[in-house]
Amino acid sequence: MAEHVDEYAPIADIYDAWCLEVVEDIPHYVGMAQGAEAPIVELAAGTGRIAIPLAEAGYDVIAVDPSDAMREHLRTNAERAGVGARIDIRAGDLLDPGIEGTYDRVLIPFRSLLHLRDDHERLAALAAARALLAEGGYLAFDVFAPTPEDIDATQGRWHHRDSGAKERADWHRDDGTTRIEVEMRGRTTTLVLHPAPADHWLGLVEDAGFDVITAWGDFAGGAVRGDGTGDLVVIAQRTGRTETNAAATP
Ligand SMILES: C[S@@+](CC[C@H](N)C(=O)[O-])C[C@H]1O[C@@H](n2cnc3c(N)ncnc32)[C@H](O)[C@@H]1O
């Protein structure tokens, strides 16, 4: 597994409470499993926010995450939900998932790809996802880039969530990163995210050997914003091409 700075370790035990309000993507990702031969692969699976509803819907899941602490909570959550036997939990990274075989679905929910720092890593992760897919299989993921309105409304200000979490976003125009500070129940961390505009992501997806099937601006199928910011929800199908352009990246 590649070297990994675990920004989630300090907040693993409050992650579920922090994300309690994030539910709009669950039907989308559970729906993605329809018609697929099990197991479903989820990369960057965290504490099981998506893997557990998938297992509850009757699908076997391979859930991969590099964070020991997040995987530990996933294990506990899955047992508690009575679906421990359906979820195969593995240590692995987006760049090197470390699993064998090919599958019908690879899911990368909740902006996890924003942890990748540059196009080299983005293409390597997309190539790794592609290598896990049977021909014709689907990759589903979502990412985000801050809108100008987001930046104006939140730059450098603490925001109090219903969950009790305090969050502060700093949008760094110089290096393009978004730094999210999270504080809750005495836990604190800073997540360093690397957003990119929608068109950029879609180009990378095609370069990595996928056809883009849908590219939405939200989970209800709305349009992507014209400036390429906001949410981007992608379903892409592995093409028959065997060569990807990943090797040609800097
Ligand atoms: C926003 S959470 C998403 C977790 C889960 N998929 C969900 O929807 O709640 C991001 C997850 O990505 C994982 N992560 C961070 N960097 C990663 C990397 N380079 N490769 C794989 N996973 C990574 C973290 O450990 C964390 O569990």
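The values are calculated or read from the model by the stated rules, or taken from the named source; none is laboratory data. Source: prediction; values computed, not measured. Note that each Cβ is placed from the backbone with ideal geometry, even for glycine, and that neighbours are counted across all protein chains shown.
Some observations on this one:
- Any hit, the stretch 127-144, residues being assigned to a strand (DSSP E or B), free of Cβ contacts under 8 Å to residues at least 60 places away in the same chain and either in contact with a Ser or Thr (Cβ under 7 Å, 6 or more places away or on another chain) or closer than 21 Å to Gly228 by Cα (or both): no
- Screening the stretch 204-237 for residues that are charged (D, E, K, R) and within 17 Å of His28 (Cα to Cα) and picking the one that is surrounded by the fewest Cβ atoms within 10 Å (Cβ to Cβ) gives Asp218.
- For Asp119, the stated conditions hold: it is away from the ligand (no atom under 11 Å from the Cβ) and under 19 Å from Asp142 (Cα atoms).
- Flag if Ala196 is within 20 Å of His115 (Cα to Cα), part of a loop (DSSP other than H, G, I, E, B) and either assigned by TED's automatic domain parsing to the domain that holds Pro27 or among the small types (Gly, Ala, Ser) (or both): yes
- Residues in the stretch 1-10 that are modelled with pLDDT of 95 or more and either near the ligand (Cβ under 10 Å from one of its atoms) or assigned to a loop (DSSP other than H, G, I, E, B) (or both): Asp6, Glu7, Tyr8, Ala9.
- Against the list (1) at pLDDT 95 or above; (2) over 15 Å from the mean Cα position of the chain (by Cα); (3) closer than 25 Å to Arg238 by Cα, the condition Ala38 fails is (1).
- Selected residue [outside the structural domain of Ser112 (by TED's automatic domain parsing) and in contact (Cβ under 8 Å) with a residue 12 or more places away in the chain] from His4, His28: His4
- Every residue from the stretch 106-125 that is within 11 Å of Leu43 (Cα to Cα) and either surrounded by 22 or more Cβ atoms within 10 Å (Cβ to Cβ) or modelled with pLDDT under 95 (or both): Val106, Leu107, Ile108, Pro109, Leu113, Ala125
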